[in-house]
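Worksheet for the structure shown next.
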């Protein structure tokens with residue numbers, strides 16, 4: 001009777017090592033990608049806010065210091081409603097012709113001729129020339145001419161739509177601001193209620209508007225909301241039919257998207273000289 005010799009089949013250890021190395025490499029790539037994405041989120045949601053808010057606060061202090069020095073040297077005075085002139089002139093940059101940025105509604109030629117004869121020239125592009133204060137939100141931010149991202153909105157500033165009225169002037173003083181990232185000055189304007197105060201301070205005066213109406217959602221191309229007499233083109237029953245002195249705040253909605261626009265309107269109630 002023959003003796004059987006057992007045969008032992010050894011597994012391919014080299015193949016196992018290759019598979020293990022591949023799995024380990026894949027895991028490292030997934031972890032690295034996760035870290036990169038996390039850093040991008042931190043940059044967008046924390047660092048851009050921190051950086052923009054610091055810059056905006058510095059600009060507010062600079063304006064207040066400049067105005068204080070101007071008042072001390074006797075350069076103020078005159079009718080405060082004439083200090084800013086009318087709407088700006090169109091430029092080559094699409095953001096400077098009243099077209100939509102990611103935080104506002106598209107604009108048209110609303111409020112032509114608001115400046116009036118003899119009014120001072122409008123602020124130059126991207127220049128911060130006013131400060132907006134909304135007590136309910138604890139908001140204090142500089143207002144700059146234009147609504148470009150790089151020059152205005154991404155700095156944490158509130159942008160003034162070209163070709164709309166200046167503070168206190170007849171027509172519509174229309175503004176845009178980020179709702180998320182880069183200082184997000186308009187993040188909580190959905191919390192504003194009728195009667196809430198909006199103060200706009202310039203070199204010579206403080207203009208007080210009170211919140212009157214809100215449009216929770218409209219198209220980014222709804223230029224009617226920033227017209228001289230603001231009235232939605234998408235929802236024609238929403239807005240105004242009579243001339244006046246209005247303020248309009250626009251921002252993106254829902255949060256972290258730019259699909260629609262949220263609009264808050266207010267009326268001028270008081271003007272106080274500085």
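The values are calculated or read from the model by the stated rules, or taken from the named source; none is laboratory data. Please read these numbers as outputs of a predicted model, since none were measured by experiment. We place every Cβ from the backbone using ideal geometry, glycine too, and count neighbours over all the protein chains shown.
Sort out which residues of the stretch 135-157 are assigned to a strand (DSSP E or B) and surrounded by fewer than 24 Cβ atoms within 10 Å (Cβ to Cβ), and write them in order of number.
Here is the first cut: in the stretch 135-157, the residues assigned to a strand (DSSP E or B) are 139-146.
Residues satisfying the conditions are 139, 140.
Here residue 208 clears all of (1) buried (at least 17 other Cβ atoms within 10 Å of the Cβ); (2) over 30 Å from residue 69 (Cα atoms) except the condition numbered (2).
Within the stretch 257-274, the residues that satisfy the criterion of being touching a helix residue (DSSP H, G or I) at 6+ places or on another chain (Cβ under 9 Å) and touching a residue at least 60 places away in the same chain (Cβ under 8 Å) are 261, 262, 263, 264, 271, 272, 273, 274. Cβ-Cβ distances below 9 Å connect no pair with a first residue in the stretch 236-253 that is closer than 16 Å to residue 209 by Cα, a second residue that is surrounded by fewer than 20 Cβ atoms within 10 Å (Cβ to Cβ) and modelled with pLDDT under 95, and a separation of six or more residues or different chains. Tallying residues that are more than 12 Å from residue 265 (Cβ to Cβ) and either modelled with pLDDT under 95 or in a loop (DSSP other than H, G, I, E, B) (or both) within the stretch 197-240 yields 13.
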